[in-house]
Amino acid sequence: MSTRVKSREREYTAPRLYEIAFDMNRKGEVDFLVHCFKRFARRPVRRVLDIACGTGPHLVRLAERGYQAAGLDLSARNIAYLGERLADKGLTGDLVVGDMTDFRLKRPVDAAICMQDSQGHLLETEALLAHLRAVRRNVRRGGVFVFDRLVPNGWNPGARWTWTRRRWGITVRTSFQTLLDYDVARQVCWEVMRFDITEKGRTRSVVQKHPTRIVFPQELRALVEMAGGWELCGWFSNFSLTRTLEKSAAALVMIVVLRAR
């Protein structure tokens, strides 16, 4: 068995490998999103935008449930791959290559989502405010915006999670670390992901390192008010509508629901 190591970020963007590595509890997460649409939107939710959609693990499942799909991502490769996934299932979607801080769709949507802590890539307050305002421009009044954020439930720099997934004859072992080299003033730390990929008897490894911004709940509340155009409907812990953030002593994922004014 031969092994080779690559550290180029573009290797990580290979959509097929991403799809394998993050094949997790998407059904439960999509169930949660649908509950949010029905509970908090003040208009029927028919058209949904997935921001920083990647390979579309949530958007494809929403499309399968009858929602009109729209997707936005910086990666043209991800957008092309997602288009193929939808077509293979006899589905369609309005898919756009674009920046989540500055975009305008041809048609507005009734709901938007931004999952897997994708907002963490926005390292400056100005960028996050621009993002919230851009989403508001594209969501109809009474529609909702649901997103998740990583919130450390303990300060353990370098905490590591490891898991393995297999699909299409490919095995991907993923290792994830966060809170590395935390910058207190900017609230920015580094995350490292390592993918050990075994295919046809050969193993290769891909390492990705990128900065991410930690945003704490009360800070987020203030940013939403500064951005304007939104009201905070609620925030929840780990994809549970029965577990509000206030009642959770150990939330790792904060899910926020905003409604367009």
- Item | DSSP bridge pairs, the chain: antiparallel proportion in percent, nearest 5 | 70
- Task: At 7 Å along the Cα-to-beta-carbon direction for both residue 232 and residue 246, put a label point, then send me their distance in nm to one decimal.
- Result: 1.1
- Which percent of the accessible area of the range 105-197 is formed by carbon and sulfur heavy atoms (probe 1.4 angstrom)? 49
- Task: Multiply the residue gap between residue 65 and residue 124 by 0.36 nm, knock off their C-alpha separation, and tell me the result in nm, one decimal place.
- Result: 17.7 nm
- Task: Give the share of C-alpha pairs in each 5 angstrom bin for the range 134-234, from 0 to the last occupied bin, in whole percents, shortest bins first.
- Result: 2, 10, 16, 15, 12, 13, 13, 11, 6, 2, 1
- Message: Could you work out [θ]222 nm for the chain from helices alone, using -39500 (n - 2.57) per DSSP H run of at least four and dividing by all its residues? Round to the nearest 500 deg cm²/dmol.
- Response: -8000 deg cm²/dmol
- With the 1.4 Å probe rolled over protein heavy atoms, the range 21-159 has an accessible area per residue in Å² of 43
- Item | Radius 10 Å from Cβ of residue 174, net charge of other residues (Lys, Arg +1; Asp, Glu -1) | +2
- Using semi-axes √(5λ) of the Cα gyration tensor in Å as the read-out, say which of (i) 29, 23, 17; (ii) 35, 22, 18; (iii) 41, 24, 15 was calculated from these coordinates. (i)
- Note on the structure: In nm, the gap between the two label points placed 7 Å beyond Cα toward Cβ at residue 87 and residue 16 is 1.6
- Message: Test of understanding: extend the Cα→C-beta vector of residue 24 to 7 Å, then name every residue of the range 107-150 with backbone N under 13 Å from that spot.
- Response: 115-118, 148-150
- Enter the Cα centre distance for the pair the range 229-244 and the range 26-77, rounded to the nearest angstrom. 17
- Name all residues of the range 201-231 having a backbone nitrogen under 15 Å from the label point set 7 Å from the Cα of residue 74 along its Cα→Cβ direction, giving them as ranges. 208-213
- Task: Take peptides 66-73, 158-165 and line them up by average Cβ neighbours within 10 Å, highest first, as a rough protection proxy.
- Result: 66-73, 158-165
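The values are calculated or read from the model by the stated rules, or taken from the named source; none is laboratory data. This structure is a prediction, so every number in the text was calculated from the model and none was measured. Ideal geometry is used to build each Cβ from the backbone, glycine not excepted, and the neighbour counts take in all protein chains shown. When the accessible area is computed, the model is the full protein with side chains, heavy atoms only, and any ligands, DNA or RNA have been set aside. Shrake-Rupley method; radii C 1.70, N 1.55, O 1.52, S 1.80 Å.
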